[in-house]
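Please read the structure below before turning to the comments.
The values are calculated or read from the model by the stated rules, or taken from the named source; none is laboratory data. What you see is a predicted model, and the numbers here were worked out from it, not measured in a lab. As a convention, Cβ positions derive from the backbone with ideal geometry for all residues, glycine included, and neighbour counts pool all protein chains shown. Note: areas computed on protein heavy atoms with side chains; ligands, DNA, RNA excluded. Shrake-Rupley method; radii C 1.70, N 1.55, O 1.52, S 1.80 Å.
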Amino acid sequence: MENTFPTVVQQTCSWSKVMLMMQNHQGFWNHQDFHEGSLLAQQTFNAKPSDIFICSSPKTGTTWLKALAFAIITRQQFNQSTSPLLTTVPHECIPYLEKDLEQIKQNQNNTSFPLVSTHLPYTLLPNSIIASNCKIVYIYRNIKDVIVSYYNFVRKAFNIPLEDAPFEEAFNEFYQGISWYGPYWDHILGYWKASQERADGQILFLKYEDMKSDITSNVKRLAEFIGHPFSIQEERAGVIDDIIKLCSFENLSNLEVNKSGKHRPDTPVAIENRHYFRKAKDGDWKKYFTDEMVVKIDELVDEKLSGTGLVLK
Ligand code: A3P
């Protein structure tokens, strides 16, 4: 998630103190610092039909998806050794609706770069995005791994010592729907229902776990959907494999910029890029969840998603 946290909370903090800074807006929770940007985007942003939105709930694989979409769209301009992804965290390669409105407007004027990212839930997207039938790529992930990823990210971003952030507390908050842009299940369902109801095929759903198990097909789907399909010649020349390698966790997490750089370094409080790259493993939740938590979250997911056709466990 994009971050500009006030200096005060970057000092040592506790989980509960950070959670006190959450507020609910039209059914979704967020850290208070993100309301202004979200509202401004909702009220003033004018989408163009050619804009393409990378949408997600935090900790579902946004960084990976951004890197892939950027690499696909810019592959004629850059190669494996000149890509900005080698020197810039993926979050800075694609402007963020809630923070980078000016940059997005400039891109729209030049029509050079159609990608925009956002964590906004579907129902809170600026109306012009829906009215313009903009393409939307949505990524989602197993809820248990999202909870663990979110817990670790918030803890590090806010400098919360382990003893002040029991996982159980984080689990209980998340379970009640209180997380950045949460409830997580409502975030997914908003996009999912829209994709089922809209007949225009303008929403592509990607699942983190599917991307891990079959990255090649998913990269091809993504490229086709965003209007930059690979030619047979490119496929034979290994362009798809090159993009997959460039955007892999192993490659990105070992780049100097992502080990020691900061995102939005000119803001009062920047986030260290390394926090966007943790383990990237499926099933890390098993080290954190008790049996009781597993039952609780499975029951919740069954209740929320039953009959929707979505699988989230
Ligand atoms: P973990 O915390 O489970 O390791 P987001 O980008 O939406 O914030 O999601 C962060 C999660 O994606 C983290 O998961 C992170 O490690 C993982 N991730 C980051 N870059 C990745 C990549 N290139 N490939 C796969 N997973 C990646």
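Report the trypsin sites (Lys or Arg not before Pro) located in the range 197-291 that are in a DSSP loop and have at most 15 other Cβ atoms inside 10 Å of their Cβ, or state none.
198, 279, 281
Just grab the label-to-label distance for residue 23 and residue 213, each label 7 Å out from Cα along the Cβ direction, in nm (one decimal).
4.3 nm
Tell me, in nm to one decimal, what length is gained between residue 81 and residue 14 on full extension, where the rule is 0.36 nm per residue of separation less the Cα-Cα distance?
Full-extension gain reported as 19.9 nm.
Tell me, what is the 1.4 Å probe accessible area of residue 164, in Å² to the nearest 10?
Approximately 60 Å² of residue 164 is accessible to the 1.4 Å probe.
Over the range 24-304, what number does the Rg to Rh ratio reach, with both radii from the alpha-carbon atoms and Rh per Kirkwood?
0.94
Cross-link list 207/279; 144/212; 135/193; 156/259; 17/66; 17/259: which exceed 19 angstrom alpha carbon to alpha carbon?
Correct reply: 17/66; 17/259.
Ignoring ligands, DNA and RNA, what accessible area per residue does the chain give at 1.4 Å, in Å²?
44 Å²
Give the Cα extents of the range 216-264 along the principal axes, in whole Å, largest first.
Largest to smallest, the principal-axis extents are 38, 21, 14 Å.
Measuring from label point to label point, each 7 Å out along Cα→Cβ, what is the residue 295 to residue 50 span in nm?
For residue 295 paired with residue 50, the spin-label model returns 5.7 nm.
Report relative contact order for the range 83-194 in percent, whole number only (criteria: Cα-Cα under 8 Å, sequence separation at least 6).
About 25 percent, as a whole number.
So for the pair residue 251, residue 193, with labels modelled 7 Å out along Cα→Cβ, what separation do we get in nm?
My value for the distance between the label points is 3.9 nm.
Take 51, 291 and sort them by solvent-accessible surface of the protein heavy atoms, 1.4 Å probe, largest at the top.
Ranking 51, 291 by accessible area, largest first, yields 291, 51.
Within the range 24-304, what percent of beta bridges assigned by DSSP are antiparallel, to the nearest 5?
Around 20 percent of the beta bridges assigned by DSSP in the range 24-304 are antiparallel ones.
Given the options 134, 151, 182, identify the residue whose Cα lies farthest towards the positive end of the charge dipole of the chain (+1 on Cβ of Lys, Arg; -1 on Cβ of Asp, Glu).
Final value for the positive-end residue is 134.
Run down the aspartates and glutamates and flag those whose C-alpha is under 15 Å from the C-alpha of residue 48, throwing out any fewer than 8 positions away in its chain.
Straight-line reach from residue 48, under 15 Å: 102.
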